[in-house]
Structures are given as C-alpha cells and as structure tokens.
Amino acid sequence: NAGVMQNPRHLVRRRGQEARLRCSPMKGHSHVYWYRQLPEEGLKFMVYLQKENIIDESGMPKERFSAEFPKEGPSILRIQQVVRGDSAAYFCASSPSAYSNQPQHFGDGTRLSIL
Amino acid sequence: DAKTTQPPSMDCAEGRAANLPCNHSTISGNEYVYWYRQIHSQGPQYIIHGLKNNETNEMASLIITEDRKSSTLILPHATLRDTAVYYCTLGGGADGLTFGKGTHLIIQP
C-alpha cells in the first residue's frame, strides 16, 4: 500500500471531541475516496472528492461528518462531536482519474477509538 | 448492498492454485470487475481488474465468463502470505466501490 499516506494510524478521542483524519494521495492522483470499515464488516464508501470539490457524498452521515480536499495539502475527514459508534477503521483511496479502468489504491487506514 | 456474491471462506493447500469465485449477475456494460485483498490491520491491496477479457499480472489471473455474470480469481501457487480476505467488487467511472464481506482465504501448510 505504499503511496497513499494516512495519518495518524491510530487516534483515540473521548466522546464529544473532534477527530481529524488526513490522507495524502499517491503522486499524480487527484481523486480521493474515503471508506469506513466497522469490525467484521466490509468497507463502506463515504465520499469522493477531487481537488477543491466534493463529487459524491452519498455515503456520508448527514450530521457531524465533513470532508475536504484543498488545492494544497492532504484531504481531511472531520468528525465532530464523536460518539462511540464512530469507532472504526477509516480508509482513504486515490486514483489518477475517474475512468473505469483506473483502480483505486488504498492507504493503511486510521483506527479511530472513542472512549 | 454489495452487487457481488462470494463464499464466506475457502481453504487451499500451500503451493496449489487458489480459485476464488464471484457472482455479479447484475453487472452493467461499463462496469469493471475489481479484486482486492485485505490482510489483517492493513488497507485493501489492489490485485487485478478486467472488463470482459481474461487478465493476468504478476499476482494473479482473472477469468470472466462470456456473459460477464461471474468471474474467478486465480492465485497460481498459493503461499501462506496469501491468507487474507479477498473482495470482488464492481467499478464504473467515478463511483465509490461497494464491498461485501468477501472470501476469507486460508492457506494451509
């Protein structure tokens, strides 16, 4: 999974705090996807972004969750006022384009634990 | 809901070929079949993808039926390090991928 960098690898927050997860895509990739994986479950798509634009946020919870991918710097997934149910692994993937034949490449994720 | 169906688990002897099936009967014409695997605590690793022709790379081979309703991932000489959860998923354009629960492949020594 070299290339897509996520940090931190592990994040512990208390209920009510904010969590900020960062993702730097592979070099040359301008498309970023965020996924969430609950224990013993498959990955669930959350949001798809290009530079400075949210393209598809159909998988994002309606409240407390937001994502951005600024012109400069990494993509950020922000979770406000975290609750125990937010505990999960959050993965970021990137691709060079939106063409069907371009695979997404994943980072090693951020494990979020809510106390 | 996932648009693919996979067996929950499979065993394979080390050194033998591992054949992992996937059903995707509702696949649309422009959707590719993608395979990923996930080893515990790591992110999904891309393996291979195809549209309608069979594909081969250094990791695996992908066989897609002529009607595209199912496919098989082949690991030609499985090793213990191939023990992982293998996901078959469909991708089309800019959509996020939909993952089911995959197949837990266990390579036996």
Any strands (runs of 3 or more DSSP E) falling wholly within region B:51-109 and containing at least 3 residues that are touching a residue at least 24 places away in the same chain (Cβ under 8 Å) and more than 14 Å from the chain's Cα centre (by Cα)
B:103-108
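Can you give me the number of residues within region A:1-11 that are open to solvent by 70 Å² or more (accessible area, probe 1.4 Å) and within 16 Å of the chain's Cα centre (by Cα)? Even if it seems obvious, please write down each step before you answer.
The first filter runs over region A:1-11 and keeps only residues open to solvent by 70 Å² or more (accessible area, probe 1.4 Å), leaving A:2, A:5, A:9-10.
Now drop any that are not within 16 Å of the chain's Cα centre (by Cα), which leaves A:5, A:9-10.
Qualifying residue count for the region: 3.
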List the number of the failed condition for A:LEU112; all other conditions in (1) over 21 Å from B:PRO44 (Cβ atoms); (2) open to solvent by less than 10 Å² (accessible area, probe 1.4 Å); (3) touching a helix residue (DSSP H, G or I) at 6+ places or on another chain (Cβ under 8 Å) hold.
(1)
Would you point out the residue of region A:84-99, among those that are surrounded by fewer than 18 Cβ atoms within 10 Å (Cβ to Cβ) and within 10 Å of chain B (Cβ to nearest Cβ), that is farthest from the chain's Cα centre (by Cα)?
A:TYR99
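How many residues does region A:37-52 hold that are within 11 Å of another protein chain (Cβ to nearest Cβ) and either on the phi < 0 side of the Ramachandran plot or touching a residue at least 40 places away in the same chain (Cβ under 8 Å) (or both)? Before you say what the answer is, go through the steps one by one.
Looking only at region A:37-52, we keep the residues that are within 11 Å of another protein chain (Cβ to nearest Cβ), and these are A:37, A:40-50.
Subset that is either on the phi < 0 side of the Ramachandran plot or touching a residue at least 40 places away in the same chain (Cβ under 8 Å) (or both): A:37, A:41-50.
Count: 11.
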Spot the failing condition for B:GLY15; the list is (1) without any contact (Cβ under 8 Å) to a residue 24 or more places away in the chain; (2) surrounded by fewer than 20 Cβ atoms within 10 Å (Cβ to Cβ), and only one is missed.
(1)
Selected residue [under 29 Å from A:TYR99 (Cβ atoms), modelled with pLDDT of 95 or more and surrounded by 22 or more Cβ atoms within 10 Å (Cβ to Cβ)] from A:LEU77, A:LEU43
A:LEU77
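The values are calculated or read from the model by the stated rules, or taken from the named source; none is laboratory data. As the structure is a computational prediction, the values presented were derived from the model and not from experiment. In this analysis, Cβ positions are derived from the backbone assuming ideal geometry, glycine residues included, and neighbour counts consider all displayed protein chains. Just so you know, the surface numbers come from the protein's heavy atoms only, side chains and all, with ligands and any DNA or RNA stripped out. Shrake-Rupley method; radii C 1.70, N 1.55, O 1.52, S 1.80 Å.
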